[in-house]
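The values are calculated or read from the model by the stated rules, or taken from the named source; none is laboratory data. Model, not experiment: these values are computed from the prediction. Here the Cβ positions follow ideal geometry from the backbone for every residue, glycine too, while neighbour counts run over all protein chains shown. All accessible areas refer to the heavy atoms of the entire protein, side chains included, with ligands and DNA or RNA removed. Shrake-Rupley method; radii C 1.70, N 1.55, O 1.52, S 1.80 Å.
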Amino acid sequence: MTFEIRPVTREDFRAWVTSDRADSFAHRFISKADMSDKWALCEGVWSDKRLAAAIITTISVTRPTTANLQLLHTFAHYRRQGCARTLVLKSVSDAWARGALYYRVSSEADAQGFYRSLGFRFWGEQKSGTLLSMFRMGGPTVGDGAHDISDANIRKAVMPSDKTKRGAVVEFYGEAR
């Protein structure tokens, strides 16, 4: 199957949402993208003029710059065909090219196997129930990165002094796994 990666509008995305249970997250994707006004950053994998998956990645303006995978969804019909993998690997590569020093993902528990298959490692569970992965970028791939708790910026993100801070890890694994 050949994929084309190109921008996705809100209308594009909405047009491919189905009633399939596997597409239930698509409604949250729309709500979150609307709330944060991030549609201009949305990219998708298209197959035969159909939207297969979409991703939104932001890069912080504060230093050190951190790329944040905000949203990722693969439509039901395209699951397990490499669409999400293609988008995440491109997101990491693009973040490196744009000068991001760190890459961060908050993953639902049921998606952690997918991220681990790409080389992501998780530091622990956040207050929201999601799992946090963050690494210092060392090149355009996840494998080039360093999951190193002695890095001051990772340590600050993973183990902030204020555990009530949004994104804080409340159950720390002791090391990334």
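Okay, here's what the table says:
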| read-out | value |
| --- | --- |
| Of all residues making up segment 44-60, the number that are under 15 Å from the mean Cα position of the chain (by Cα), of a type outside the set (A, V, I, L, M) and crowded, with 18+ Cβ neighbours inside 10 Å | 2 |
| Considering residues of segment 8-39 that are over 16 Å from the mean Cα position of the chain (by Cα) and open to solvent by 100 Å² or more (accessible area, probe 1.4 Å) only, the residue nearest to Ala95 (Cα to Cα) | Asp37 |
| Residues satisfying the stated conditions in segment 102-131, i.e. at pLDDT below 95, hydrophobic (A, V, I, L, M, F, W, C) and out of contact with any strand residue (DSSP E or B) (no Cβ under 7 Å at 6 or more places or on another chain) | Ala111 |
| Restricting segment 140-158 to residues that are of a type in the set (Gly, Ala, Ser) and without any contact (Cβ under 8 Å) to a residue 40 or more places away in the chain, the residue that is surrounded by the most Cβ atoms within 10 Å (Cβ to Cβ) | Ala146 |
| Residue in segment 130-148 that is assigned to a helix (DSSP H, G or I) and among the aromatic types (Phe, Trp, Tyr) present | no |
| Residues being in contact with a Gly (Cβ under 7 Å, 6 or more places away or on another chain) and in a strand (DSSP E or B) - total across segment 94-105 | 1 |
